[in-house]
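Engineer: Sending over a structure as structure tokens; questions will come in a sec.
The values are calculated or read from the model by the stated rules, or taken from the named source; none is laboratory data. Since this is a predicted model, take the numbers as computed values, not measurements. In this analysis, Cβ positions are derived from the backbone assuming ideal geometry, glycine residues included, and neighbour counts consider all displayed protein chains. We work out accessible area using only protein heavy atoms, side chains counted, and drop any ligands, DNA or RNA first. Shrake-Rupley method; radii C 1.70, N 1.55, O 1.52, S 1.80 Å.
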Amino acid sequence: MTFDNGSNAADGAGSAPGGGTILLLGAGRMGGAMLRGWLAQGVPASAISVADPSPAPDLVELSARTGVRLNPADGAAVDTLVVAVKPQMVESAATGVQAMLAPHTLVLSIMAGKTLADLRRLFPAAGSVVRAMPNLPAAVGRGATVAVAEAGCPADRKERAASLLTAVGSLEWLADEALVDAATALSGSGPAYVFYLVECLTRAGVEVGLPADVSERLARATVEGAGALMGATGQPAAELRAGVTSPGGTTAAGLSKLMADDHLQNLLNATLRAAAQRAAELGGTGPKA
Ligand SMILES: NC(=O)c1ccc[n+]([C@@H]2O[C@H](COP(=O)([O-])OP(=O)(O)OC[C@H]3O[C@@H](n4cnc5c(N)ncnc54)[C@H](OP(=O)(O)O)[C@@H]3O)[C@@H](O)[C@H]2O)c1
């Protein structure tokens, strides 16, 4: 993906995708990953400022090396404010940036559990608000992100949000904010389910006689390889599975247990239901059970 290098930013600053300046509020694990993704995708460093009260040494180094501005004092209005602080920190963090909001400002939040209504209350002077939920593989540019825009958000601002979010992986727009809890249950929590699958495969490998370290390496490599193959081919998972399952073969014998009576399907249904329910309780849009 390439970015528009246009120049509608003020004061000679560079231009972010769709034009304009970006202020990143909070550059920890996720904000830092997004920042690196933008730079890797060609967003000019001169378009980006970072507000973080105690920046990590690698962020200070990155700022010195690239020219990304750290804790700018000028307070000029920004085109996009990306909010990547912990949800419990946002009330205090928001006070410091109110002067940098204008009718042309898009607020793009990745905070878990903060709704569009929360964001509108926190950033009243912003022109538009988008709520996004990335997942952990965004740290390596392979995130699965969902996003929902406030009603009436102009298409060019959604495009700007999309450009910034796809710098760290894939993006699905949701039509209804209520679906964020369901997506959180799937893609937000999903990496942990896959890590657990690797743990289970490792133990099962030991059960059938492999040394523990060999079993662990094989389980990891198998999950990494299967994911990479799915990504490289784009084939549906069911087709890929059928392709490696010879009738009467070893994979068929294994799958006859794994797929019996839809046990795993039912377990995953219950898993996502529990996670979605918890997401709703923690501040999502669903019923507070
Ligand atoms: N990590 C994930 O997998 C993930 C997935 C989806 C969504 N998210 C969301 O992403 C957000 C960030 O998560 P994270 O894991 O990246 O957290 P994190 O590593 O703790 O990053 C938050 C950063 O914000 C900084 N900060 C604290 N107060 C601030 C203030 N007043 N102004 C500016 N910056 C401030 C923190 O600095 P200090 O360290 O000095 O406090 C830290 O560098 C959260 O809202 C989370 O819900 C994370």
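Engineer: Divide, for the stretch 190-281, the radius of gyration over alpha carbons by 2.2 N^0.38 Å, where N is the residue count.
Structural biologist: 1.23
Engineer: What list of ³J(HN,Hα) values in whole Hz, one per residue of the stretch 86-96 in order, does the Karplus curve 6.51 cos²θ - 1.76 cosθ + 1.60 (θ = phi - 60°) give from phi, with Gly and Pro shown as x?
Structural biologist: Listing the rounded values in order: 4, x, 6, 9, 5, 4, 6, 5, 5, 4, x Hz.
Engineer: Right, another one. Compute the relative contact order of the stretch 190-281 as a whole-number percentage, counting only Cα pairs closer than 8 Å that sit 6 or more residues apart in sequence.
Structural biologist: 13
Engineer: Quick one, what does Rg over Rh come out to for the stretch 10-177 if you take C-alpha atoms and the Kirkwood Rh?
Structural biologist: 0.92
Engineer: How large is ³J(HN,Hα) for each residue in the stretch 117-134, as worked out from phi by the Karplus curve 6.51 cos²θ - 1.76 cosθ + 1.60 (θ = phi - 60°), to whole Hz, x for Gly and Pro?
Structural biologist: With coefficients 6.51, -1.76 and 1.60, one gets 5, 4, 5, 5, 5, 6, 10, x, 8, 6, x, 9, 9, 10, 10, 10, 9, x Hz.
Engineer: Label points 7 Å out from Cα along the Cβ direction at Arg65 and Asp213: separation in nm?
Structural biologist: 3.3
Engineer: In addition: Hey, with R₀ at 51 Å, roughly what FRET efficiency would Ala151 and Leu240 work out to, going by the Cβ-Cβ distance, to 0.05?
Structural biologist: FRET efficiency, Ala151 to Leu240: 0.85.
Engineer: Could you identify which residue out of Pro103, Pro247, Pro44 has the top mean-square fluctuation in a GNM of the chain using Cα springs shorter than 10 Å?
Structural biologist: Among Pro103, Pro247, Pro44, the largest GNM mean-square fluctuation belongs to Pro247.
Engineer: Please report, as a whole percent, how much of the solvent-accessible surface of the stretch 190-281 comes from carbon and sulfur atoms (probe radius 1.4 Å).
Structural biologist: Here carbon and sulfur together make up 64 percent of the probe-accessible area.
Engineer: Would you mind getting the Kirkwood hydrodynamic radius of the chain from its Cα pairs, rounded to one decimal in Å?
Structural biologist: The answer is 20.9 Å.
Engineer: Could I ask something else about it? Within the chain, how many lysine pairs that are 8 or more places apart, or on different chains, have C-alpha atoms less than 28 Å apart?
Structural biologist: Lysine pairs satisfying the spacing and distance rule in the chain number 5.
Engineer: Right, next: Show that you can apply the helix-only estimate: for the chain, add -39,500 (n - 2.57) for every DSSP H stretch of four or more residues, divide by all residues, and state [θ] at 222 nm to the nearest 500.
Structural biologist: -13500 deg cm²/dmol
Engineer: In nm, give the distance between the simple-model label positions of Asp176 and Asp74, each being 7 Å from the Cα along the Cα-to-Cβ direction.
Structural biologist: Calculated label separation equals 4.5 nm.
Engineer: Then there is this: Return the long-range amide H neighbours of Leu70 (sequence gap of 5 or more, or a different chain), with a cut-off of under 5 Å between placed amide H atoms.
Structural biologist: Close amide H contacts, sequence-distant or interchain: Val50.
Engineer: Once you put a point 7 Å from the Cα of Gln277 and another 7 Å from the Cα of Met259, both along the Cβ direction, what distance in nm separates them?
Structural biologist: 3.0
Engineer: Can you list residues whose amide H is under 5 Å from Glu172's amide H, if they're 5+ apart or on another chain and H is modeled 1.01 Å from N?
Structural biologist: Correct list: Thr145, Val146, Ala147.
Engineer: Residue-wise, which Karplus ³J(HN,Hα) couplings in Hz belong to the stretch 171-181, taking 6.51 cos²θ - 1.76 cosθ + 1.60, θ = phi - 60°, and x for glycine or proline?
Structural biologist: Going residue by residue, I get 9, 10, 7, 9, 7, 10, 4, 4, 6, 4, 5 Hz, with x marking Gly and Pro.
Engineer: Another question, if that's okay. Which residues in the stretch 193-211 place their backbone N less than 13 Å from a point set 7 Å from the Cα of Glu224 along the Cα-to-Cβ direction?
Structural biologist: From the stretch 193-211, the list is empty.
Engineer: Let me ask another. Sort 114-123, 182-191 by packing, meaning the average of other beta carbons within 10 Å per residue, with the highest value first.
Structural biologist: 182-191, 114-123
Engineer: State to the nearest 20 debye the size of the charge dipole of the stretch 83-226 about its Cα centre, where the only charges are +1 on K and R beta carbons and -1 on D and E beta carbons.
Structural biologist: Approximately 340 debye in magnitude.
Engineer: Lys and Arg at +1, Asp and Glu at -1: add these up for the other residues within a Cβ distance under 13 Å of Val140 and post the number.
Structural biologist: The answer is +2.
Engineer: Something else: May I ask for log10 I(q)/I(0) of the stretch 105-243 at q = 0.13 Å⁻¹, from a Debye sum over the Cα atoms as equal point scatterers with solvent left out?
Structural biologist: Log-scaled intensity ratios, in q order: -0.68.
Engineer: Which FRET efficiency value, to the nearest 0.05, do you get for Leu268 and Ala56 by plugging their Cβ-Cβ distance into 1/(1 + (r/R0)^6) with R0 = 45 Å?
Structural biologist: 0.80
Engineer: Given H placed 1.01 Å from N in the peptide plane, which residues other than close sequence neighbours of Val82 have an amide H under 5 Å from its amide H?
Structural biologist: It is Leu23, Leu24, Leu25, Leu108, by chain and number.
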